[in-house]
Amino acid sequence: MPTTMGAAFAVHDDAFLDVLGPAPRLERLIATDAHEGPVYAAAEDALYFTTVPRPGADGPVVAIRRLALATARLETVRAEANAANGMTLAPDGRLVVCEQGSRTAAAAITLVDPGSGDVETLVDAYRGLPLNSPNDVVVARDGAVWFTDPSYGHLQGFRPAPRLLDRVYRRDPRSGDLAVVANGFDKPNGLALSPDERTLYVGDSGAIHAPGDYDPRRARQVLAIDVTDPRRPGRARPFGPPVPGFPDGVKVDTGGRVYVSCDPGVQVMHPARGLIGEIAVPGGAVNFTFGGPGRDVLLITADDAIWAAHLNATGTRP
């Protein structure tokens with residue numbers, strides 16, 4: 001049975017009241033090892049996610065799983081998904097997956113058929129050099145694929161030394177060419193496009209390099225980048241205050257507010273007013289996505305459970 005939490009919402013600015021609406025609530029949907037990559041498939045009323053990594057001979061063992069929200073039925077789509085992390089939906093309904101790779105398998109952005117589990121590689125290199133360990137991905141309305149590529153795999157011991165900088169990339173939907181959108185990060189992590197797709201938000205989670213290697217003096221902030229012309233992106237600028245712990249997932253709602261998962265739960269920031277509110281999640285939040293028929297439910301992965309925060313705000317398409 002869902003567990004409803006009554007004191008999960010902290011208001012820092014009255015603008016957060018528009019997000020909450022008259023009857024916000026937080027409930028636990030299911031206990032499971034949901035870690036990263038949550039993506040809601042509206043046609044199925046289902047949530048796809050990647051599992052908590054387990055030790056393997058060549059690197060972390062991660063599965064892609066599916067939760068049917070109406071029945072709470074869990075099923076495995078791909079049992080060994082090459083250390084999959086972030087995911088989103090492609091226009092054709094396939095999953096776009098950040099595969100971090102292993103000591104023997106290449107890192108890549110792939111397309112996974114959720115029905116058959118068939119895999120197609122979209123990109124695995126930049127100018128002939130292998131990707132590091134892609135972390136998160138978003139698909140724009142024009143079909144362009146934007147993704148972050150930090151070197152976490154190497155720092156955590158399952159990928160070779162990086163040959164590329166930690167960057168954000170964009171794959172052109174027509175030519176297939178890969179272009180660098182932004183440099184200068186410590187560890188680019190979650191990312192999201194504003195509703196008008198003129199601003200790219202990127203969380204830099206450099207404060208954490210590996211288990212046991214956390215330094216709050218390193219980067220732990222969301223940055224905003226003007227991408228009006230993707231061929232000539234603007235400079236990254238700080239957006240909001242430093243995040244407790246470090247930023248992981250990043251999403252936006254149709255009102256342009258930015259949501260960030262971190263140690264306590266999910267923080268909500270307003271473009272003009274900064275931090276306006278927080279959603280506390282027991283044990284903290286790893287990642288999240290908007291879902292439900294009205295796209296007004298935050299579906300939150302927390303390593304040991306999936307939570308649902310019912311709100312008044314509506315998420316943009318994944």
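Applying the selection to region 195-214, what residues are open to solvent by less than 30 Å² (accessible area, probe 1.4 Å), in a loop (DSSP other than H, G, I, E, B) and touching a Gly at 6+ places or on another chain (Cβ under 9 Å)?
Once the filter is applied, which keeps residues that are open to solvent by less than 30 Å² (accessible area, probe 1.4 Å), in a loop (DSSP other than H, G, I, E, B) and touching a Gly at 6+ places or on another chain (Cβ under 9 Å), region 195-214 yields SER205, ALA207.
Considering each of ARG54, ARG65 in turn, give the residue that is under 26 Å from VAL139 (Cα atoms) and open to solvent by 40 Å² or more (accessible area, probe 1.4 Å).
ARG65
For THR121, which of the numbered conditions (1) assigned to a loop (DSSP other than H, G, I, E, B); (2) open to solvent by 50 Å² or more (accessible area, probe 1.4 Å) fails to hold?
With (1) assigned to a loop (DSSP other than H, G, I, E, B); (2) open to solvent by 50 Å² or more (accessible area, probe 1.4 Å) applied to THR121, the lone miss is (1).
Identify, by number, the condition in (1) closer than 21 Å to TRP146 by Cα; (2) open to solvent by less than 50 Å² (accessible area, probe 1.4 Å); (3) modelled with pLDDT under 95 that GLY240 doesn't meet.
Failed condition: (1).
Can you confirm whether ASP186 is out of contact with any Phe, Trp or Tyr (no Cβ under 7 Å at 6 or more places or on another chain), farther than 18 Å from ASN132 by Cβ and at pLDDT 95 or above?
Criteria not met by ASP186.
Which one of these is charged (D, E, K, R) and free of Cβ contacts under 8 Å to residues at least 24 places away in the same chain: ASP226, ASP213, ASP177?
Going through ASP226, ASP213, ASP177 in turn, the sole match is ASP177.
What number of residues within region 280-294 satisfy the criterion of being surrounded by fewer than 24 Cβ atoms within 10 Å (Cβ to Cβ) and without any contact (Cβ under 8 Å) to a residue 60 or more places away in the chain?
Of the residues in region 280-294, 3 are surrounded by fewer than 24 Cβ atoms within 10 Å (Cβ to Cβ) and without any contact (Cβ under 8 Å) to a residue 60 or more places away in the chain.
Out of all the residues in region 288-318, which are within 20 Å of PRO195 (Cβ to Cβ) and among the polar types (S, T, N, Q)?
Result: THR289, ASN312, THR314, THR316.
Of all the residues that make up region 250-279, how many are surrounded by 16 or more Cβ atoms within 10 Å (Cβ to Cβ), assigned to a strand (DSSP E or B) and over 16 Å from the mean Cα position of the chain (by Cα)?
7
Given (1) under 24 Å from ILE225 (Cβ atoms); (2) surrounded by fewer than 22 Cβ atoms within 10 Å (Cβ to Cβ), where does TRP146 come up short, assuming only one miss?
Going through the list (1) under 24 Å from ILE225 (Cβ atoms); (2) surrounded by fewer than 22 Cβ atoms within 10 Å (Cβ to Cβ), TRP146 breaks only (2).
If I filter region 95-110 down to residues being crowded, with 18+ Cβ neighbours inside 10 Å and hydrophobic (A, V, I, L, M, F, W, C), which single residue comes out as farthest from VAL180 (Cα to Cα)?
Looking at the filtered set, the residue picked out is LEU95.
What is the one condition in (1) part of a strand (DSSP E or B); (2) of a type in the set (S, T, N, Q); (3) out of contact with any Pro (no Cβ under 7 Å at 6 or more places or on another chain) that THR88 does not satisfy?
Looking at each condition in turn, THR88 falls short on (3).
If you go through region 221-237, how many residues are small (Gly, Ala, Ser), open to solvent by less than 10 Å² (accessible area, probe 1.4 Å) and not in a strand (DSSP E or B)?
The qualifying residues number 0.
The values are calculated or read from the model by the stated rules, or taken from the named source; none is laboratory data. Computed from a predicted structure; not experimentally measured. No Cβ is skipped: glycine too gets one built from the backbone with ideal geometry, and neighbour counts run over all protein chains shown. Only protein heavy atoms, including side chains, enter the accessible area calculation; ligands, DNA and RNA are left aside. Shrake-Rupley method; radii C 1.70, N 1.55, O 1.52, S 1.80 Å.
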